[in-house]
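The values are calculated or read from the model by the stated rules, or taken from the named source; none is laboratory data. Every value quoted in this text rests on a predicted model; they were computed, and no experiment measured them. We place every Cβ from the backbone using ideal geometry, glycine too, and count neighbours over all the protein chains shown. In case anyone asks, the SASA skips ligands and DNA or RNA and just uses the protein heavy atoms, side chains included. Shrake-Rupley method; radii C 1.70, N 1.55, O 1.52, S 1.80 Å.
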Amino acid sequence: MKYTVIGAGAMGYRYGVLLQEVAGLDVDFVDTWAPNVDAVREQGGVYVSRDHVDRHLVPINLSTPEEYEGHPDVWILFVKQMQLDDVLARCAHLFGPDQYLFTAMNGMGHLDKVRRYFPDEHIVAGTALIATVLNGPGDVDFIGAPGAGTMHMVNATEQPDETTRAIERDFRAADLNPELTRNLNGTLMAKVIFNSVVNTLCTMFTSTMGQYAAYDGADEITRTLVDEAYDACERAGIQLIMSRQEEVDSVNYVSKVGNPLHYPSMYQDFSKGRPTEVDYINGYIAKLGRENGYTCHVHEFVTRQMHLAEAMRDAKAAAVAERSQQVAAPQEAVPQEAPVAA
């Protein structure tokens, strides 16, 4: 099948390049970030590294939504939750009734927006424990050895059809290690809960996943966040695909063994002055609890803490910018009094 990636960022590049280079499939890319589009066109492709080495240029076909004229069998959607409405609106004229859409975005809330354009039968949602870093426009770093990372995928009807199975086969050929499930909300919430621990805490304390997991009290913190999230899911009638202990074990394994040197995507956004997706992760868990008569005190607190960290970051950046302007401003000449005749 032919694929087109919407959102040529860290994960969009990872999926698209592996499908193109490893699985040998026809892949296009669509992106709305002008510096990224310009860099790829100037370079003739995207620079790809693995674990910070072997940087090489991979030729790709990248367009803006307004320029793109292709008609893929499957769209692959990887954009930030806050940008999704705008990106989908810009791509709407490209969507056809015969096409499918796969997405493994972080957080929750995106499926309601995607459903405005695609029926459940043509939506395949997923999760990805695959570490990737966007160094800058047209420059991506795949973290982990070839074949590292895992993912889950599920048709939104919870009944995999032949196209869903074909997507799974293509992802397997690209070394993405997909696993099909038949539990939509339970599959997606398992990753949200994982991210509610690792992404948010590593961001607030500027640590790698391995540094967090090495802290003596990490297991207790993880357990607290996991238990509260599972309590909220149970009240909402969501059956998770993993037990509480398996979720804790997953945080431990991925942090200590899988990607100990990795700074999660939320940290990458935070460190570059961008808004984080905390409202779609910890904030979503807290909202789920409130809607079902349960207060997620810790997730509510962590969400507010993350917004406090964003506010303090922005205030410091503004203060630095103001001081820089003051230093750079030319000093006004002090008028001299005319000499008085004796």
Under a Gaussian network model of the chain whose springs join Cα atoms within less than 10 Å, the largest fluctuation of Gly237, Gly258, Gly283 belongs to Gly237
In the chain, taking the dipole from +1 charges on Lys and Arg beta carbons and -1 charges on Asp and Glu beta carbons about the Cα centre, the listed residue (Gly16, Ala214, Gly138) farthest towards the positive end is Ala214
With a 23 Å threshold on alpha-carbon distance, the violating pairs from Lys2/Lys272; Lys256/Lys316; Lys113/Lys191; Lys113/Lys272 are Lys2/Lys272; Lys256/Lys316; Lys113/Lys272
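Report, as a whole number in µm² per second, the diffusion coefficient that Stokes-Einstein gives for segment 183-327 at 37 °C and 0.692 mPa s using the Kirkwood radius over alpha carbon pairs. Kindly include the intermediate steps, with their values, before the conclusion.
Numbers: Rh = 15.9 Å.
Estimated via Stokes-Einstein, D reaches 207 µm²/s.
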With all protein chains present and a 1.4 Å probe, the order of Arg115, Arg235, Arg14, Arg50 from largest accessible area down is Arg235, Arg115, Arg50, Arg14
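As an exercise, identify the GluC sites (Glu not before Pro) in segment 134-168 lying in DSSP coil whose Cβ has no more than 14 other Cβ atoms within 10 Å. Spell out each step's value before the answer.
Numbers: sites: Glu158, Glu162, Glu168; in loops: Glu158.
Answer by residue number: Glu158.
Taking only protein heavy atoms and a 1.4 Å probe, what accessible area per residue, in Å², does segment 68-206 have with all protein chains in place?
Values: 4850 Å² over 139 residues.
Value returned for segment 68-206: 35 Å² of accessible area per residue.
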Rounded to one decimal in nm, the spacing of the 7 Å Cα→Cβ label points at Met312 and Thr157 is 5.1
Counting only DSSP beta bridges with both partners in segment 1-182, the antiparallel fraction in percent, to the nearest 5, comes to 35
Note: Phe205 to Glu322 extended length (0.36 nm per residue) minus current alpha-carbon separation gives 39.5 nm
Charge tally for neighbours of Glu121 with beta carbon under 14 Å away, counting Lys, Arg as +1 and Asp, Glu as -1, is -3
With the convex hull built on the alpha-carbon atoms of segment 91-132, volume per residue in Å³ sits at 90
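Which net charge results when you count Lys and Arg as +1 and Asp and Glu as -1 among the other residues whose beta-carbon is under 10 Å from that of Thr187? Please list the in-between numbers first.
Details: positive: Arg182, Lys191; negative: Glu158, Glu179.
Its environment carries a net charge of 0.
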Segment 36-91 and segment 205-259 have their Cα centres apart by a whole-number Å value of 32
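Restricting to bridges with both residues inside the chain, how much of the DSSP beta-bridge set is antiparallel, in percent to the nearest 5? Please list the in-between numbers first.
Working: 14 of 38 bridges.
Roughly 35 percent of the DSSP beta bridges within the chain come out antiparallel.
What ratio of Cα Rg to 2.2 N^0.38 Å holds for the chain?
Details: Rg = 22.9 Å, N = 342, 2.2 N^0.38 = 20.2 Å.
Dividing the Cα radius of gyration by 2.2 N^0.38 Å gives 1.13.
Given a 1.4 Å probe and every protein chain left where it sits, what share in percent of the accessible area of the chain is carbon and sulfur?
53
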With all protein chains present and a 1.4 Å probe, the order of Tyr253, Tyr280, Tyr15 from largest accessible area down is Tyr253, Tyr280, Tyr15
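Take the eigenvalues of the Cα gyration tensor for segment 58-172, scale each by 5, and report the square roots as semi-axes in whole Å, largest first. Display every interim value, and only then the final one.
Numbers: eigenvalues 95, 77, 44 Å².
Calculated on Cα positions only, the semi-axes equal 22, 20, 15 Å.
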FRET efficiency (Arg165, Asp26; Cβ distance; R0 25 Å; to 0.05) is 0.85
Under 5 Å from the placed amide H of Leu77, counting only residues 5+ away or on other chains, we find Ile6, Phe102, Thr103, Ala104
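What Kirkwood hydrodynamic radius, in Å, does segment 31-115 give when the mean of 1/r is taken over all pairs of distinct Cα atoms and then inverted? Walk me through the intermediate numbers first.
Working: mean 1/r = 0.0682 Å⁻¹.
Computed over Cα pairs of segment 31-115, the Kirkwood hydrodynamic radius comes out at 14.7 Å.
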The size of the Cβ-based charge dipole (Lys, Arg +1; Asp, Glu -1) of the chain about the Cα centre, to the nearest 20 debye, is 400
Rounded to 0.05, the calculated FRET efficiency for the beta carbons of Arg235 and Leu180 at R₀ = 35 Å is 0.80
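If I require 18 Å or longer along the helix axis, counting alpha carbons, and a Kyte-Doolittle average no lower than -1.0, what helices from the chain are left? Use full DSSP H segments. Can you show the working numbers first?
Details: long enough: 184-204 (30 Å, 1.03); 218-235 (26 Å, -0.68); 297-328 (46 Å, -0.36).
Qualifying helices, which must be both long enough and hydrophobic enough, are 184-204, 218-235, 297-328.
Once you charge only the Cβ atoms, +1 for Lys and Arg and -1 for Asp and Glu, what is the size of the charge dipole of segment 184-342 about its Cα centre, to the nearest 20 debye? Before the final figure, lay out each step's value.
Numbers: 13 positive and 20 negative charges, 43 e Å.
Around 200 debye, computed over segment 184-342.
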Under the helix-only model (-39500 (n - 2.57) for each DSSP H run of 4 or more, divided by the residues of the chain), the mean residue ellipticity at 222 nm, to 500 deg cm²/dmol, is -14000 deg cm²/dmol
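Between Thr295 and Arg50, what length in nm is gained on full extension when 0.36 nm per residue of separation is reduced by their alpha carbon distance?
Numbers: separation 245, 0.36 × 245 = 88.20 nm, distance 4.21 nm.
Between Thr295 and Arg50, full extension yields an extra 84.0 nm.
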